[in-house]
Each structure stands twice: as C-alpha cells, then as structure tokens.
Amino acid sequence: MFYNTRLLFLIFTSLLGVVSCSFKSKKDKVNKINEEKTNFIVIFVDDLGYGDIGCFGAKGFKTPNIDQMAKEGARFTDFYVPASVCTPSRAGLLTGSYPKRVGLHKEVLYPYSTSGLNPNEIIIPEVLKPAGYTTGCIGKWHLGHQEKFMPNNQGFDYFYGVPYSNDMDGHVYVNIPFTSPPLPIYKNKVKVAEGINQDSLTIRWTKAATSFIKENKKQPFFLYLAHNMPHRPWHVSKRYKGSSEKGLYGDVIQELDWSVGEILKTLKETNLDENTLVIFTSDNGPVETLKNGGSAEPLRGGKISTWEGGLRVPCIMRWPGKIKPNKEINQITSVMDFLPTFASIAQVKVPISHKIDGYNISNILLEDKKTVSPYNAFYFYGRNGDLEGIREGNWKFYIKKYNMRKKTYTNHMNLYNLKNDVGEKQNIADMHPEIVEKLHQKMLKFDKQLSIEARPIGH
C-alpha cells in the first residue's frame with residue numbers, strides 16, 4: 001500500500017495538471033505560471049550555530065548580507081531542526097517529518113552505508129512538480145549515496161554536488177574496516193570530479209546556484225542549496241582567507257555570507273526578487289569542543305546534543321512585498337514546516353497518503369497580527385535515535401541523555417523554563433512534579449504512536 005499510494009499520488013497530480021491546462025495555449029499557460037507561482041530557495045548550511053550570524057550576536061566576523069535579509073524579512077528566534085546531526089535533519093526538511101517517521105533517525109549515513117531515503121517518500125520537489133516547478137539540488141545531499149537514493153531519483157531535475165559530508169573524503173574507518181574514496185562530485189548521475197581542493201566548494205556551489213536561477217527564470221523553481229561549510233574540515237577561498245578576526249572559522253562564515261549576497265543579487269538582476277521566498281538556516285548546532293569554532297550562545301550545548309544549542313538554529317526568511325521587514329517571529333517553528341508551507345503558497349496539495357509532522361506556517365510568516373505556534377509540543381530525538389526531550393510552550397523537559405563517548409544513556413529528569421532560563425542552567429523538576437509527569441507521559445505516548453506509524457527506510 002505504501003508504494004502504491006505514492007505512485008497514485010504522482011499520477012493523479014500529473015493528470016490534474018494536464019486536464020487543467022488542456023483548454024489553454026502553451027504560451028498562456030507559461031505566462032500564468034510565471035505570474036502566479038512563487039520561487040523557493042532554501043540555503044541550508046552545515047553546523048552553523050545559533051550565535052554565528054551578526055543579527056544573532058556573532059562576534060569576530062561579519063555577515064552583512066544575511067543581516068540585510070533579516071532587516072528586509074523575518075528573523076526566527078525559536079526555530080528548530082528535528083535532529084542534531086546531518087542526515088536526519090536533512091530528511092526532516094525534505095519530507096516534512098520527524099526523521100523517525102521515515103526511518104532515518106539513527107546517527108548519519110556513511111560512505112559504506114547501504115541504506116538511504118526511501119524513494120517512495122514524497123519530498124518537496126515532488127510536491128511542487130505538478131504545479132510546473134523546476135527543481136534543483138546543489139551541494140551536500142547526505143541521504144544515501146547509491147544511485148537509487150540520489151537526488152535525480154528523488155524528484156530533483158538537477159543535481160550538482162557531493163553525496164555526503166566533506167570530512168568523508170578518503171576517510172579511514174578503523175573499526176569497519178573501510179576507507180572511503182576521494183570525495184566525488186556529481187552532475188546529475190555522472191561523477192565529474194573527485195578529491196578536489198575543498199577551498200573551492202563554497203564558490204563552486206554558489207556559481208552553480210546563480211546559474212540555475214538564470215537558466216530557470218522563465219518558470220517557477222525550487223532550489224535547495226546545501227553548503228558543506230562550516231562543517232569540518234573548514235575550507236575557504238584565497239579571497240576570504242584571513243578576512244575575519246576569528247580565524248579560519250570566521251573566514252568561512254564570511255564567505256558563506258558572500259554566497260548569500262550573490263544569490264540575492266542574481267534574483268534582483270533577473271527581476272525575480274519580489275517573487276522569491278529565500279530561506280537561510282542551518283542543519284544543526286555547532287561543534288562545541290572546537291577552539292575558535294562555532295557558537296550557540298546564549299544556548300546550552302551544540303551538535304550531537306539535544307540541549308537547545310543542538311537543535312535550535314538561526315533562521316531568516318525574506319520575501320519582499322510579502323514578509324514585513326524587520327519582523328521577529330518567536331513561535332516554535334521548524335524545517336519540517338517548509339514542505340506544507342511551500343505547498344500552500346504554490347497552491348498544491350500535500351499528499352494525504354504520507355502523514356507528516358510539519359505545519360503550514362504561511363499565516364505566521366505573512367500576517368501582521370499575532371499568531372500562535374501550530375506545535376502543541378516539539379520533540380527532541382538524540383543522535384542514537386531515541387526520544388530524549390520535549391518542549392511545550394516555554395517548558396523543556398528531558399527523560400534521558402545519550403553519552404556518545406560511553407555509548408550509554410543516563411537518566412536525566414530535568415525541567416527548564418526557557419522563558420526565564422534559555423541557557424538551561426536551573427533544573428526545576430522538583431518544583432513542578434505535575435508538569436514533569438504530564439510531559440513525560442506526553443513523550444511516551446507520542447513516541448509510541450510514531451513508532452507504529454513509521455515508514456521503512458530505503459534499502
């Protein structure tokens with residue numbers, strides 16, 4: 001049934017598109033699509049912390065283009081990804097679901113992995129296709145490197161990028177044992193390079209992204225630009241090397257800011273600026289232990305952890321004429337909301353055959369009046385795939401914590417009030433036993449139901 005519903009959805013929506021346009025000339029159809037359809041660009045960077053953008057308090061480097069995006073659009077203060085590491089976070093973005101729902105909630109995929117995002121999942125490009133969208137994925141994929149899991153077999157018309165993280169370039173996995181090949185670069189299904197100097201990655205992806213925008217300016221498009229940086233090892237071009245006060249990490253962020261500026265400049269040059277929703281965010285928090293590395297301040301924790309600094313990330317959305325300038329959004333929102341929100345804006349239906357966890361937040365984004373978060377709770381799954389915490393309103397509660405070094409869990413019945421203690425420093429569980437019990441039961445109920453509803457990983 002799982003496989004048939006996806007096929008029926010794609011056939012049905014394609015037929016609807018054909019029937020609805022059968023009474024119009026081809027020219028009229030193209031003009032109407034161009035006038036009515038919004039372009040979507042998601043800039044997804046890797047391991048950028050909550051405090052690593054100027055308008056979020058960054059120190060030692062500057063991000064003028066990203067800051068300008070915030071001035072001209074919306075800055076999200078309580079925005080989350082559904083995991084604190086690469087693969088599950090990306091699965092959540094593209095499917096609109098908690099990673100456990102799609103079987104990609106445990107750790108990350110490696111060059112020796114044999115699984116990936118199930119091709120029977122219906123992801124953002126497939127949802128937008130029936131509305132006439134051209135779709136592109138540039139940069140890091142990390143949802144399965146075998147051909148059946150790669151972007152061109154997941155609904156993307158165009159792919160130019162790498163199949164997994166840049167630190168997996170010729171990496172020796174001692175315990176397997178396995179040595180990964182030189183990092184390959186693919187253009188669609190063809191490997192066009194490998195083991196390149198990574199100093200060129202940010203420029204390479206940026207040039208490809210601006211070219212994609214120019215080449216597809218006459219039809220609506222969805223562009224997923226997933227930068228490798230600032231995931232380690234850090235690399236930057238000669239132009240930006242030594243450009244910041246914070247060393248190599250700051251240089252890397254400043255080059256990413258340049259990349260954002262190039263995207264926005266291209267939209268203006270192609271007269272697409274007012275018809276394009278641009279989103280900038282990160283896949284998870286920063287690596288905490290690195291000297292002169294990323295920062296999640298004022299949050300606690302970072303990558304791999306379920307503390308706020310692991311899953312709460314900076315997010316900025318810009319859509320001139322639609323999103324009010326200098327808007328600050330404090331409601332709980334998530335990358336899982338992209339799929340249903342894009343579908344609403346593009347006026348296409350989200351497939352009912354595949355339950356998702358994200359919400360349409362277009363009202364929060366576009367309306368002036370005060371709106372409430374659609375989330376009655378947000379759930380925090382750890383790197384090992386188990387549910388560790390929950391946020392309901394301003395309450396944040398944990399039942400356990402995974403110790404990566406020891407590969408064990410410890411009970412961690414902690415409760416925090418994020419309104420007064422965003423840094424999660426004061427455990428007040430003993431003062432509110434009724435809230436602890438309520439949130440504990442809510443977590444168990446949700447995870448049990450999600451386990452029942454989970455769909456299979458791709459094999």
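The values are calculated or read from the model by the stated rules, or taken from the named source; none is laboratory data. Worth saying up front: this structure is predicted, and the values here are computed from it rather than measured. For neighbour counting, all protein chains shown are included, and Cβ atoms are generated from backbone atoms with ideal geometry for every residue, glycine included.
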Could you go through region 140-151 and let me know if any residue there is under 15 Å from the mean Cα position of the chain (by Cα) and of a type in the set (S, T, N, Q). no
State all residues of region 371-402 that are more than 19 Å from the chain's Cα centre (by Cα) and of a type in the set (F, W, Y); if no residue qualifies, say none. W395, F397, Y398, Y402
If a residue has to be touching a Pro at 6+ places or on another chain (Cβ under 7 Å) and either of a type in the set (S, T, N, Q) or modelled with pLDDT under 95 (or both) to count, how many in region 171-197 make the cut? 1
1 or more residues among the hydroxyl-bearing types (S, T, Y): qualifying strands (runs of 3 or more DSSP E) within region 157-213: 158-162, 184-187
Condition met for N360 (assigned to a loop (DSSP other than H, G, I, E, B) and assigned by TED's automatic domain parsing to the domain that holds K148): yes
Can you tell me how many residues within region 103-138 are in a helix (DSSP H, G or I) and under 29 Å from V172 (Cα atoms)? 0
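Answer yes or no as to whether G155 is more than 28 Å from V174 (Cβ to Cβ) and either outside the structural domain of I263 (by TED's automatic domain parsing) or surrounded by fewer than 20 Cβ atoms within 10 Å (Cβ to Cβ) (or both).
no
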Does K265 fit the bill of being closer than 22 Å to N216 by Cα and either assigned to a loop (DSSP other than H, G, I, E, B) or not assigned by TED's automatic domain parsing to the domain that holds Y398 (or both)? yes
Pairs where the first residue, in region 120-148, is farther than 14 Å from L225 by Cα and the second is of a type in the set (K, R) and buried (at least 24 other Cβ atoms within 10 Å of the Cβ), C-beta under 7 Å, 6+ apart: L143/R90
So, of the residues in region 272-310 that are of a type in the set (D, E, K, R) and assigned to a loop (DSSP other than H, G, I, E, B), which turns out to be nearest to C55 (Cα to Cα)? E297
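Looking for whichever is over 29 Å from R455 (Cβ atoms), assigned by TED's automatic domain parsing to the domain that holds I176 and at pLDDT 95 or above here; the options are G103, G60. Which one fits?
G60
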What number goes with the only condition from (1) surrounded by 22 or more Cβ atoms within 10 Å (Cβ to Cβ); (2) in contact with a Ser or Thr (Cβ under 8 Å, 6 or more places away or on another chain); (3) under 15 Å from A83 (Cα atoms) that C315 does not pass? (3)
Let me spell it out: the conditions are (1) modelled with pLDDT of 95 or more; (2) under 30 Å from I176 (Cα atoms), and F79 meets all of them except one. Which number is the exception? (2)
Of the residues Y402, Y375, Y381, which is closer than 21 Å to N420 by Cα, among the hydroxyl-bearing types (S, T, Y) and either surrounded by 19 or more Cβ atoms within 10 Å (Cβ to Cβ) or not assigned by TED's automatic domain parsing to the domain that holds K442 (or both)? Y375
